[in-house]
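What follows is a single structure, written as structure tokens, with notes after it.
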Amino acid sequence: MWSGTPLFPDRASAMASRVDALYFFLVGLTIFFSLLIAGLIVYCAVRFRRRRSDDVGAATHGGMLLEVTWSAIPLLITMVIFVWSASVFFAMTRPPDDTLNIYVVGKQWMWKFQHLDGQREINELHVPLGRPVKLIMTSEDVIHDVFVPAFRLKADVIPGRYTNIWFQPTRPGRYHLFCAEYCGTRHSGMIGEVVVMGPTDYQTWLSGGAPEGSLASTGAKLFQDLACNTCHRPDAQGRGPVLEGLFGKTVQLQTGETVTADEAYIRESILMPAARVTGGFQPIMPAFQGLVSEEQLLALIEYVKSLQALPQVQTR
Ligand code: CUA
């Protein structure tokens, strides 16, 4: 209905129609009440106007029924808005389990995308049609905000943190990507395109080039180069914790607290290892703050993710 209107974005993700339904409901509600109130003002001004110079209005002393009615109806309406918005919000923030994960790094003033198969893109992101895609996002410098109107997708990209957001493209095409957080002089130039391709086209595109191999293999090489492997050994004989099978598990810390080994925890443990030390280990790991880039961190994280738990070896 709106596709020919340049003022209204395409609807190209599974979430778009749900967001639009809520949006149009709010617009409709606003129009209805604006007209109702304006109409009543005009009607009452005419109907109850002063007709003779000695007119005195009748005194009224409250009306319980009226009070209750005009409190209860708005309460009901706002509750409908609340429950409806919350359900859309939860659907948007909880990705399904089987997503295609893509890392995003924002930087003054460009978008860098890193596919797990190794492809890297700048200001252009290729995704397959119909597959839920999860973006794991961070920034190298200041706060940016990824915004794809056609997907009704928008989230802050924050330095020192990973934010997740997901979408499921439903129409092939090229869609605008904006930065929606003022981030400096060339903020308005921090734009790009999301290219949604049919699954076979996407496979062709994927096979087109990843000269350095997968992201995890880049991480594996870095793991050797930085000599991480001298302490983090799979046989539990090293001076650092075993990383095999670690990702997603709960880690018991020295302090007795527990933490989930997610992207953020692994990132922190590389940059500031002393912040949250695993129970039973000494805080002897050197800090890598300033020594590894955001992209190298992503490779290391992906390598740790790829390490499967080894079968328990009995030592006696
Ligand atoms: Cu990045 Cu605005």
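Looking at segment 70-110, which of its residues are open to solvent by 30 Å² or more (accessible area, probe 1.4 Å) and either within 30 Å of Thr185 (Cα to Cα) or within 16 Å of the ligand (Cβ to nearest atom) (or both)?
Within segment 70-110, Lys107, Gln108, Trp109, Met110 meet the criteria.
Conditions: (1) basic (Lys, Arg); (2) farther than 29 Å from Pro199 by Cβ; (3) touching a strand residue (DSSP E or B) at 6+ places or on another chain (Cβ under 9 Å). Arg94 meets all but one. Number of the miss?
(2)
Would you call Arg239 in contact (Cβ under 8 Å) with a residue 40 or more places away in the chain and closer than 22 Å to Leu291 by Cβ?
It is true that Arg239 is in contact (Cβ under 8 Å) with a residue 40 or more places away in the chain and closer than 22 Å to Leu291 by Cβ.
Of all residues in segment 111-140, count the ones that are within 15 Å of the ligand (Cβ to nearest atom), open to solvent by 50 Å² or more (accessible area, probe 1.4 Å) and farther than 23 Å from Ala12 by Cβ.
Looking only at that region, the number is 1.
What are the residue pairs meeting all of these: first residue in segment 172-196, first residue free of Cβ contacts under 8 Å to residues at least 60 places away in the same chain, second residue open to solvent by less than 80 Å² (accessible area, probe 1.4 Å) and near the ligand (Cβ under 7 Å from one of its atoms), Cβ atoms under 7 Å, and 6 or more apart or on different chains?
From segment 172-196, the pairs are Ala180/Asp145; Glu181/His144; Glu181/Asp145.
Within the set of pairs 6 or more residues apart or between chains, which connect a residue that is of a type in the set (Phe, Trp, Tyr) inside segment 74-95 to a residue that is in a helix (DSSP H, G or I) with Cβ atoms less than 7 Å apart?
Listed by first residue and then by second, the contacts come to Trp84/Leu22.
If Leu300 satisfies every condition in (1) of a type outside the set (D, E, K, R); (2) in contact with a Gly (Cβ under 9 Å, 6 or more places away or on another chain); (3) under 20 Å from Lys107 (Cα atoms); (4) at pLDDT below 85 but one, which is the exception?
(4)
What number of residues within segment 201-213 are open to solvent by less than 50 Å² (accessible area, probe 1.4 Å) and either part of a helix (DSSP H, G or I) or at pLDDT 80 or above (or both)?
Of the residues in segment 201-213, 2 are open to solvent by less than 50 Å² (accessible area, probe 1.4 Å) and either part of a helix (DSSP H, G or I) or at pLDDT 80 or above (or both).
I need a count of the residues in segment 149-168 that are touching a Pro at 6+ places or on another chain (Cβ under 9 Å), farther than 25 Å from Gly213 by Cα and surrounded by fewer than 21 Cβ atoms within 10 Å (Cβ to Cβ).
Residues that pass the stated criteria total 2.
Quick one: in segment 169-184, which of the residues that are surrounded by 20 or more Cβ atoms within 10 Å (Cβ to Cβ) and more than 9 Å from the ligand (Cβ to nearest atom) is farthest from Gln108 (Cα to Cα)?
In this case the residue turns out to be Pro169.
What are the pairs with Cβ atoms under 8 angstrom where one residue, in segment 125-150, is touching a residue at least 40 places away in the same chain (Cβ under 8 Å) and the other, located anywhere, is away from the ligand (no atom under 15 Å from the Cβ) and of a type in the set (Lys, Arg)? Sequence gap at least six, or different chains.
Leu129/Arg171; Thr138/Arg161; Ala150/Arg11
Scan segment 76-109 for residues that are part of a loop (DSSP other than H, G, I, E, B) and over 17 Å from the mean Cα position of the chain (by Cα) and jot them down.
Once the filter is applied, which keeps residues that are part of a loop (DSSP other than H, G, I, E, B) and over 17 Å from the mean Cα position of the chain (by Cα), segment 76-109 yields Gln108, Trp109.
Which one is nearest to Pro6 (Cα to Cα), of the residues in segment 149-168 that are within 16 Å of the ligand (Cβ to nearest atom) and basic (Lys, Arg)?
Checked segment 149-168; the qualifying residue nearest to Pro6 (Cα to Cα) is Lys154.
Which numbered condition trips up His187, out of (1) within 16 Å of the ligand (Cβ to nearest atom); (2) crowded, with 17+ Cβ neighbours inside 10 Å; (3) over 20 Å from Thr138 (Cβ atoms)?
That leaves (3) as the condition not met.
Could you pull out the residue among Ala299, Ala264, Ala236 that is small (Gly, Ala, Ser), open to solvent by 30 Å² or more (accessible area, probe 1.4 Å) and within 25 Å of Lys112 (Cβ to Cβ)?
Exactly one of Ala299, Ala264, Ala236 is small (Gly, Ala, Ser), open to solvent by 30 Å² or more (accessible area, probe 1.4 Å) and within 25 Å of Lys112 (Cβ to Cβ), namely Ala264.
Given the residues Val196, Val146, which is the only one that is open to solvent by less than 20 Å² (accessible area, probe 1.4 Å), in a strand (DSSP E or B) and more than 14 Å from the ligand (Cβ to nearest atom)?
Only one candidate passes the filter, namely Val196.
Residue-wise test of (1) open to solvent by less than 100 Å² (accessible area, probe 1.4 Å); (2) out of contact with any helix residue (DSSP H, G or I) (no Cβ under 6 Å at 6 or more places or on another chain); (3) touching a residue at least 60 places away in the same chain (Cβ under 8 Å); (4) at negative phi.
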position: Ala14; (1), (2), (3), (4): yes, yes, yes, yes
position: Asp20; (1), (2), (3), (4): yes, yes, yes, yes
position: Val27; (1), (2), (3), (4): yes, yes, no, yes
position: Ile31; (1), (2), (3), (4): yes, yes, no, yes
position: Ser34; (1), (2), (3), (4): yes, yes, no, yes
position: Gly39; (1), (2), (3), (4): yes, yes, no, yes
position: Phe48; (1), (2), (3), (4): no, yes, no, yes
position: Asp54; (1), (2), (3), (4): no, yes, no, yes
position: Glu67; (1), (2), (3), (4): yes, yes, no, yes
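The values are calculated or read from the model by the stated rules, or taken from the named source; none is laboratory data. Remember, it's a predicted structure, so these values are computed and weren't measured experimentally. Here Cβ is always computed from backbone atoms with ideal geometry, including for glycine, and neighbour counts include all displayed protein chains. Just so you know, the surface numbers come from the protein's heavy atoms only, side chains and all, with ligands and any DNA or RNA stripped out. Shrake-Rupley method; radii C 1.70, N 1.55, O 1.52, S 1.80 Å.
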